[in-house]
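Heads up, the thing below is written out as structure tokens.
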Amino acid sequence: MFKRASGTKDILPQETAQWQRLEKISHQIFSLYNYHEIRTPLIEEESLFDRSLGKSTEIVRKQMFLIKKGRDSYCLRPEGTASVVRAYIENSLDKKSGFIKLYYIGPMFRAERPQRGRLRQFHHIGCEVIGSGEPEVDIEIIALADNLLSLFSVKGYRIQVNSLGCLEDKKKFIDLLRQQLKPKANKLCDDCRVRFKDNVLRVLDCKNETCREIIRTLDIQAQVSALGTQSGHLCLECKDHFERVCKGLDALRLDYKVNPYLVRGLDYYTRTVFEVTHPALGAQDAIGAGGRYDNLVEELGGPDTAAMGFAFGMERLILALDAPAEAQNKELIFIVSLGEEAKKEALLLLSQLRKEGLACDTDYENKSLKGAMRLANDSGAKRILIIGEDELKKEIVTLKDMRSGGQKEVKRQDLLAELKRGS
Ligand code: HAM
């Protein structure tokens, strides 16, 4: 027997109602905010992610699914931002409007060690706004993420916000952090010892208690606490930018916290970053995250254009939702037919009802009345149409309402109107 690949999931029929619900809300809300859907390929050139996420990030170092084809080297996309920026540049979307709001829904792939909420194939609902560095964009994006979460009916989530500053600020901060961590580097956890060399900012959001204690004792603490609030390491422009973002979020009465330790695992971020966590999720508690990447478009060969976006992990959203989605086929009509002639009539009726937009199904197996009724019941149908010899002769059908249990005869010529009235 074959098994699915480790870290992948079959999304079964009883689960897809929830997926469709999240997708439907996303399409509606993104459209309300004037975002346009973009669909990029699942495979990209491997080097796209070296350049955008950074060679030293964990995703690029350890988690890429690589595909070699002759001399070409592709990978399954680990995230959507780099692909969207690539598509934006390649299709000259900047020439068409300069400013564009895009969204996407689809699978991403990372060869991580699978655990609850951490898969190798998972799905993003994400968006990218390319063409403006104004804080109003940051405010809209964070408020949009919040709005989506409430419409998804996710409760109890927390939004944390920080500013990493511009590239120069980031660099200064990284140097300072490395300098201060150096004497204590050998006490860090295994992962952080690697991060110390390759991606030192990530030490700041390590969950290991020893690392947390080391961070608490650093002189840098004063600087970190001041990040984006008072002086900190931010230049005047970045400080002002972040203050405007926070003021805008306050004006919208959005519930968020500034977390000076919040850094992101991808190199492209600058200025505002944010993360949404949910306490019910355990170790993998981020249900979504995003931020500005004001240098990425130029870095990938496009114009010097600021941008920002976020992505939710759909599997984690679903884990955070405690209520199952409503079952599908709420209004399904099930046709039970007995005998050859009735079967023909049933097929005609099925086709007619479907053309009229009424969901219906039948028993294809010529079961007995009892068997067919059981099947109808299992299908979750709200109404059952029974056609037997008697009904054929009288040109009627027997209509059974599964909610009330009531049953009545309906003339064939009145059936459509009757079914439409009841749906
Ligand atoms: P990310 O933080 O790597 O950001 O992923 C966003 C979300 O995807 C996470 O918060 C999490 O919910 C989900 N996620 C990530 N990895 C996994 C996994 N292995 N299994 C299940 N869910 C996962 C990005 O990818 C950025 N592209 C977001 C962004 C868009 N920034 C700007 N624009």
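The values are calculated or read from the model by the stated rules, or taken from the named source; none is laboratory data. On a predicted model such as this, the values are computed, not experimentally measured, just so you know. Neighbour counts run over all protein chains shown; Cβ positions are idealised from the backbone, glycine included. Surface accessibility is based on the protein's heavy atoms, side chains included, excluding ligands, DNA and RNA. Shrake-Rupley method; radii C 1.70, N 1.55, O 1.52, S 1.80 Å.
Grab the Cα-Cα distance for Asn366 and Asp198, subtract it from 0.36 nm times how many residues apart they are, and report the gain in nm with one decimal. Mind dumping the intermediate values first?
Working: separation 168, 0.36 × 168 = 60.48 nm, distance 6.69 nm.
Contour length minus Cα-Cα distance gives 53.8 nm.
Segment Ala17..Glu341, full-extension length gain: 113.0 nm, with 0.36 nm per residue of separation and the alpha-carbon distance subtracted.
Note on Cys360: accessible area is roughly 10 Å² with a 1.4 Å probe, heavy atoms of protein only. For Asp169, the accessible surface of its heavy atoms amounts to roughly 0 Å² (probe 1.4 Å, protein chains only, rounded to the nearest 10).
Leaving ligands and nucleic acids out of the surface, order Ile384, Ile67 by accessible area at 1.4 Å, largest first. Each step should come with its number before you reach the end.
Working: Ile384 0, Ile67 60 Å².
I get Ile67, Ile384, largest accessible area first.
What relative contact order, as a whole-number percentage, does the chain give when Cα pairs under 8 Å and 6 or more residues apart are counted? It would help to have the intermediate numbers written out before the result.
On the way: 706 pairs, mean separation 65.0, N = 423.
For the chain, the relative contact order is 15 percent.
The solvent-accessible area of His123, taken with every protein chain present and a 1.4 Å probe, is close to 30 Å². Length available on full extension from Asp240 to Lys69: 0.36 nm per residue minus the Cα-Cα distance, which gives 56.7 nm.
Please return the longest range in the chain lying between exposed loop sites, taking trypsin sites (Lys or Arg not before Pro), DSSP loop only, at most 13 other beta-carbon atoms within 10 Å, and leaving the sites out.
Numbers: sites that count: Lys3, Arg4, Arg39, Lys55, Arg71, Arg116, Lys155, Lys207, Arg253, Lys330, Arg403.
So the longest stretch without any such site is 254-329.
Evaluate E = 1/(1 + (r/R0)^6) for Ala111 and Glu409, where r is the Cβ-Cβ distance and R0 equals 51 Å; express this FRET efficiency to the nearest 0.05. Approximately 0.25, to the nearest 0.05.
Mean shadow of segment 333-418, computed from the convex hull of its alpha carbons, in nm²? Write out the running numbers ahead of the final one.
Values: hull surface 20.4 nm².
Orientation-averaged projected area of the Cα hull: 5.1 nm².
Relative to the longest principal axis of the Cα atoms of the chain, helix 340-355 runs at roughly 40 degrees.
Specify the residue with the greatest mean-square fluctuation among Ala143, Ala359, Ala320, computed from a Gaussian network of the chain linking alpha-carbon atoms under 10 Å apart. In the Gaussian network model the winner is Ala359. Of Met402, Met308, the order by accessible heavy-atom surface (1.4 Å probe, DNA, RNA and ligands excluded), from most exposed downward, is Met402, Met308.
Each Lys and Arg adds +1 at its Cβ and each Asp and Glu adds -1 at its Cβ; summed about the Cα centre, the chain shows a dipole of about 1040 debye.
For the chain, the alpha carbon positions stretch 92, 50, 44 Å along the principal axes, listed from largest to smallest. Students often get this wrong: which residues of segment 401-423 have the backbone nitrogen under 19 Å from the point 7 angstrom along Cα-to-C-beta of Glu326? Under 19 Å, as judged by backbone N against the label point of Glu326, lie 402-404, 420-423 of segment 401-423. With R₀ fixed at 51 Å, the C-beta to C-beta distance from Ser47 to Ala359 puts the FRET efficiency at about 0.60.
Taking the C-alpha atoms only, the angle from helix 167-181 to the longest principal axis of the chain is near 70 degrees. Normalised by the number of residues in segment 333-418, the average gap of Cα pairs under 8 Å and 6 or more apart makes the relative contact order 30 percent. Residue ranking by accessible heavy-atom surface, 1.4 Å probe, largest first, among Met373, Met108 comes out as Met373, Met108.
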